[in-house]
Amino acid sequence: MKNIITSIALIAGMLFFTSCNDKPDPGKDLDIKYQLTVSINTKNVVKDLKDLDNTDAFPGGTIDDGSHVRVNFFIYDADGANVYESTQIVDDFSKSVEIKNSLKPGDYTLVVAADMVENTGDKIEFACWEFKNTDDLENLRIVDLQYNGFKYKAMGVSKSTINLEKAESVKINVEPVGALITFYFSNLYVSEIAYLYYTWDKNSDYYLVNEEKSNVSNTDVENEYEIEAKYTGFYDQRYFLPVQNVTLTWATLDAKPAIIKQGSTTFNAQQAVNQIITVDVRTGNTKVETKSAISLEDIEKSRKMQGKK
Amino acid sequence: MKQKRLIMLTLLMSAMCLASYAQGEAPKQLKSSFGVKAGMNLSTISNGDASIHFSPAMKADFHMGLLANLHFGYRDEGAPVGTGWFGLQPELLYSRQGFAVDGEAIGFDYLTLPVMAKLYVTRNINIEAGPYLSYLLSTSPATTVIDDAEIPLSNLKSKTGIGVGIGAEYETRQGLTVGVRYNLGLSDMANNLQWKSNTLAVSVGWLFF
């Protein structure tokens, strides 16, 4: 009996020794996921936007027309494939958004887009922008639905990369991707003016997120507006994605209608550069100002005029 | 490299024991016993993982199993066989280990096979050292979150590892054994999880002669 026990013990010992090699078995890689906590601040999207009375268009990030802020968040892996996406709707731009998700170690691209929507709960009733090809970073685009959203069309995008090797917390400030252009037609009090006509020749179709640029169409632009010029001044505000060499063409017409005065001016819409294009319809002078508010003199005038939202 | 040295040292000690066994007439030079043992584990891990920061605490659990005790030679002329300086003790143990973190107990249930070389400093007291092979039977919980890292512990099941143990044991002539051993894990839990299991084990056992 003892010999048997001894033999078993020795065999076990020998088996053990022969199983030992120089390098311990490290085992296979575990699919460990690390939590990524993303704090999103969207305030900058509307921070510099001004109304005509030189006040903040969205004071403190608040929205005055009942719209809410939609925050779309996407995570793409190193191959550009979508690994996570979420949409949160918050009251306004003053509310920060926190998103947590666990990911395998690796390189990721984080995309955040913030815009204003009308909604009932989670259901979007109206939006100026639509997200397309969200499965693929290379083709992810934010399509301009060509609504006149005015200042409520403001939209911001952030694209950043992260190498995730452990749990991380990152802060993302979403910056405006376009700019608010104010068209201001002054001196409309000339008695024979019955109509104001204006148009511009370029519109953006969509914003290509990965390339961080907007795609601009030069054709089929239908931005002709005939305005009953019964006011002393008229303004219009439009949110443009970046676009170069946009030509604004305008004309005043009498009741026949025959052209009284006409002119054009060229401007560039640049990211986060809000501009006011003032057209004196009496003299034909135009000026393009890269400032966030019109002058006090103009504010005085604006009290006597009406615009359109 | 350090790990290799430890194993080589243990192998050398084991070889010395076996050599002393082989030199004489086997039946007269060896006292072999079969035994059982059980006891308490105080275990934790050493965390060499830079991506997961936390301070593991001790976890108390138990171990139990079978052993074979081979005690070689005799100490003095005329002394009975099994009173010599050297011994070898292979064991097969079910050992519950793990650690605690933030009040949560993380359990690793192992089957371990230690082979301990023994140096009897007296007839009753020996110091022991030797390598062990471990086989992970199960984990609890299946997945845990530590330092915001989601770790699928259950995927570690069936993982093998090695380590070394060092300890001391008291054996009575009747067969009662009382021992204490520190087991130092040498294998990482996984390539990307550099945890090594360490256990302080206190055991009582009985040798059947």
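When each of the peptides B:62-70, B:85-93, A:197-205 is scored by how many other beta carbons lie within 10 Å of its residues on average, the order from highest to lowest is B:85-93, B:62-70, A:197-205. Rounded to whole numbers, the Karplus 3J(HN,Hα) couplings from phi for the range A:170-177 are 10, 10, 10, 9, 7, 9, x, 9 Hz, using 6.51 cos²θ - 1.76 cosθ + 1.60 with θ = phi - 60°, and x at Gly and Pro. For the peptides B:77-83, A:124-130, A:73-79, residues were scored by their other Cβ atoms within 10 Å and the scores averaged per peptide; the highest-first order is A:73-79, A:124-130, B:77-83.
Inter-chain Cβ neighbour count for A:31-38, averaged per residue, equals 5 (cutoff 10 Å, partner chain atoms only). Straight-line reach from A:Lys256: taking Cα to Cα under 20 Å and skipping same-chain neighbours fewer than 8 places apart, the aspartates and glutamates in range are A:Glu192, A:Glu224, A:Glu226, A:Glu228.
Neighbouring Cβ atoms from other chains, within 10 Å of the Cβ of residues in B:132-143, number 1 on average.
Among the listed pairs A:Lys95/A:Lys159; A:Lys104/B:Lys157; A:Lys261/A:Lys287; A:Lys100/B:Lys59; A:Lys213/A:Lys287, a Cα-Cα separation exceeding 25 Å is found for A:Lys100/B:Lys59; A:Lys213/A:Lys287. Spin-label model, A:Gln244/A:Lys104: points 7 Å from Cα along the beta carbon direction are separated by 4.2 nm.
Would you calculate a helix-derived [θ] at 222 nm for chain B, using -39,500 (n - 2.57) for each DSSP H run of n ≥ 4 and dividing by the full residue count, to the nearest 500? Numbers along the way, then the final one.
Details: 2 runs with 26 residues, N = 209.
My calculation for chain B gives -4000 deg cm²/dmol from helical runs alone.
The long axis of helix B:2-23 is offset from the longest Cα principal axis of chain B by roughly 20 degrees. Out of B:Gly163, B:Met116, B:Ala142, whose Cα points farthest toward the positive end of the dipole of chain B (charges: +1 Lys, Arg; -1 Asp, Glu; placed on Cβ)? About the Cα centre, the residue reaching furthest to the positive side is B:Met116. Taking amide H positions as modeled 1.01 Å from N, with prolines and chain starts lacking one, the residues under 5 Å from A:Ala194 and 5 or more places away or on another chain are A:Leu253, A:Asp254, A:Ala255.
The numbers here are math on the coordinates, done by the rules we state, and not lab data. Bear in mind that the values here come from a model prediction, so they are computed numbers and not experimental data. Virtual Cβ from ideal backbone geometry, glycine too; neighbours counted across all protein chains shown.
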